[in-house]
Amino acid sequence: MLAADPGASIANIAAEAGVDRRTVYRRFASREDLLAAIYAARLAAIEHAIEDARLREAPVAVALHRYVENIIAVNRTWPVDLACMLADDSVRARRDASVREVDTFLRRATEEGLLRSGLPQGWAGALLPQLMHLASRQMAELSPAQAADVVVDTLLRGVGKS
């Protein structure tokens, strides 16, 4: 609900969840506390997705597909944008650590020949999240694994005719 309407009230959120707003307030003192819990859960899910993909030790093609599949599932489960929480130093530090881990993996993928070298610095790291976001939102009929197939194929082969 918050992904569709970031300004949704606690009363609306409670009604959507099928509980009384007092139930929500017993657990979260304020709307900001509720949002912080949602963002913390999304960050934890991203961290778990990266860990599960085994970016440092799995074969790069396997790790790439697994990472993309996991992140698409996270995006669909927690479809909220972290941008408004990046002012919080701990949130930004966690997000930045995840970005560094993926960037390190993408350099490994380039060194091992899965991604072509010679692209502008950070290009794959900027493109991959956009592809995953599109697949998460615009390919809802596909499972995360099927959507990951499309994303990985697009990343590795592009959309031009070979």
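Just a few scattered comments:
- For first residues located in region 9-23 and among the aliphatic types (A, V, I, L, M), partners that are at pLDDT below 85 and lie 6+ apart or on another chain with Cβ distances below 7 Å form the pairs 10/31; 13/1.
- Residue in region 154-161 that is modelled with pLDDT under 95 and of a type in the set (Ser, Thr, Tyr) present: no
- Close pairs from region 57-75: first part of a helix (DSSP H, G or I), partner among the basic types (Lys, Arg) and at pLDDT below 95, Cβ under 8 Å, at least 6 apart: 74/42; 75/137
- In region 115-162, the residues that are closer than 15 Å to residue 66 by Cβ and open to solvent by less than 50 Å² (accessible area, probe 1.4 Å): 128, 132, 135, 143, 144, 145, 147, 148, 151, 152, 155
- Selection of region 41-56 for residues being surrounded by 15 or more Cβ atoms within 10 Å (Cβ to Cβ) and outside any loop (DSSP other than H, G, I, E, B) yields 42, 43, 45, 46, 47, 49, 50, 53.
- In region 78-90, residue modelled with the highest pLDDT [restricted to those that are under 14 Å from the mean Cα position of the chain (by Cα) and surrounded by 13 or more Cβ atoms within 10 Å (Cβ to Cβ)]: 78
- Residue in region 4-32 that is least open to solvent (accessible area, probe 1.4 Å), counting only those that are closer than 18 Å to residue 81 by Cα and assigned to a loop (DSSP other than H, G, I, E, B): 8
- Any chance residue 59 is open to solvent by 50 Å² or more (accessible area, probe 1.4 Å), over 19 Å from the mean Cα position of the chain (by Cα) and either modelled with pLDDT of 95 or more or of a type in the set (Phe, Trp, Tyr) (or both): yes
The values are calculated or read from the model by the stated rules, or taken from the named source; none is laboratory data. In this text, all values refer to a predicted model and were calculated from it rather than measured experimentally. For neighbour counting, all protein chains shown are included, and Cβ atoms are generated from backbone atoms with ideal geometry for every residue, glycine included. Accessible surface is based on the protein model in full, side chains and every heavy atom, while ligands, DNA and RNA are left aside. Shrake-Rupley method; radii C 1.70, N 1.55, O 1.52, S 1.80 Å.
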